[in-house]
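The values are calculated or read from the model by the stated rules, or taken from the named source; none is laboratory data. Small disclaimer: the values here were computed from a predicted structure and weren't measured. Every residue, glycine as well, gets a Cβ built from its backbone with ideal geometry; the counts of neighbours run over all protein chains shown. Heavy atoms of the whole protein, side chains included, go into the accessibility calculation; ligands, DNA and RNA do not. Shrake-Rupley method; radii C 1.70, N 1.55, O 1.52, S 1.80 Å.
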Amino acid sequence: MMPRPPGVNEPNTLNGIPGVFEGLRPRLMGVAYGLLGSVAEAEDVVQEAWIRLQRTETGEIEDLTGWLITTTSRIAIDVLRSARKRREEYVGPWLPEPVETSPDPADRVSLSDSLSWAMLVVLETLTPAERAAFVLHDVFDLSFDEIGATLGRTPVACRKLASRARQHVESRKPRFEVDVEEHQEVVDAFADATESGDLESLVGLLDPGAVLTADGGGIVRVGKGIQGGEKIATYLSGFGRDPARAIRVSAVNNNPALVIFQDGRILGVAALGISQGRVATIDFVANPHKLSEVRPTPDP
């Protein structure tokens with residue numbers, strides 16, 4: 001049973017509710033994470049939903065699952081609105097918090113297959129209302145009546161928000177092929193070339209127009225983003241020659257990725273976007289506050 005936060009009075013009816021809540025926790029985490037792109041913020045949101053449940057006369061709740069999803073969504077949307085300003089002040093590019101999904105699915109966050117890394121990056125360009133309408137409807141199958149109650153808007157308005165968001169997502173989402181075997185071959189070869197510092201191989205594996213984006217959050221020095229396959233290859237060839245570094249092939253948010261270690265500790269995660277058999281995008285997350293959902297060992 002989940003302990004009650006200090007100072008929170010026990011509601012009149014608790015029979016079975018903590019167990020229901022714990023069973024729903026991964027899904028609630030998935031909803032909050034989809035809206036926020038941050039596991040840490042999602043955890044705070046879900047905890048706040050639990051506190052509010054504790055303060056509610058549960059006998060008046062007809063649909064506990066629906067109540068928890070709606071409450072979690074409302075709290076997450078409030079956090080998202082306030083987070084917009086914080087992210088504008090963020091040092092360097094802001095990338096979502098990676099959740100490692102290989103070899104075992106994450107158990108703390110229920111990730112929808114549609115919430116890929118590329119999708120999360122695009123979602124950052126939407127307004128909070130657009131993101132909420134799109135994620136809740138297209139990803140988590142909430143009705144527009146439910147979304148309207150969550151956002152304080154009419155179902156018709158929410159439908160328009162979701163439609164606008166969908167068009168925006170489709171126009172900006174990278175067109176990466178989903179050939180698992182080809183991806184794996186490219187990722188394995190790219191990992192080997194990066195770790196060995198093989199400049200020639202790296203040039204061949206990178207798209208000429210490739211883009212590297214790095215998020216150190218002002219905590220880790222990662223330099224500016226790099227555009228162009230040859231420039232990125234040159235950078236990575238020097239980066240990989242350090243004998244203290246090691247690379248583990250993995251997946252984050254159902255997306256091919258490399259986990260990079262320095263002296264046995266996580267240095268960062270590189271999510272790879274692959275197009276036409278070459279690496280077209282590299283999103284490198286080095287902010288240590290965003291690496292809690294990545295296994296901290298170099299071995300598979």
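The charge dipole of segment 18-72, taken about the Cα centre with unit charges on the Cβ atoms of Lys, Arg (+1) and Asp, Glu (-1), comes to about 120 debye, rounded to the nearest 20. Converting phi to 3J(HN,Hα) with the Karplus coefficients 6.51, -1.76 and 1.60 and the offset θ = phi - 60°, segment 53-66 yields 5, 4, 8, 10, 6, 5, x, 8, 8, 7, 10, 5, 4, x Hz in sequence order, with x at every glycine or proline.
Tell me, what is the per residue accessible area of segment 128-257 in Å², probe radius 1.4 Å? The partial results should precede the final answer.
Numbers: 6680 Å² over 130 residues.
The answer is 51 Å² per residue.
Shown is the FRET efficiency for LYS224 and THR58, computed with R0 = 30 Å from the Cβ-Cβ distance and rounded to the nearest 0.05: 0.05.
In plain terms, the chain is cut at each of the GluC sites (Glu not before Pro) found in a DSSP loop with at most 12 other Cβ atoms within 10 Å, and the longest leftover piece is 178-300.
A Förster distance of 25 Å, applied to the separation of the beta-carbon atoms of ALA157 and ARG81, puts the FRET efficiency at 0.90. Ordered by 1.4 Å accessible area with all protein chains kept, ILE219, ILE274 run largest first as ILE219, ILE274.
Got a number for carbon plus sulfur as a percent of segment 210-300's accessible area, 1.4 Å probe? Could the numbers behind the result be given before it?
Values: 2120 of 4120 Å².
Answer for segment 210-300: carbon and sulfur cover 51 percent of the accessible area.
When the helices of the chain are scored as -39500 (n - 2.57) per DSSP H run of n ≥ 4 and the total is divided over every residue, the value at 222 nm lands at -14500 deg cm²/dmol. Is segment 220-274 best put as rounded, prolate or oblate by its Cα gyration tensor, with a ≥ b ≥ c the root eigenvalues, rounded for a/c under 1.5, and otherwise prolate when a/b is larger than b/c, oblate when not? Note, shape of segment 220-274 comes out oblate.
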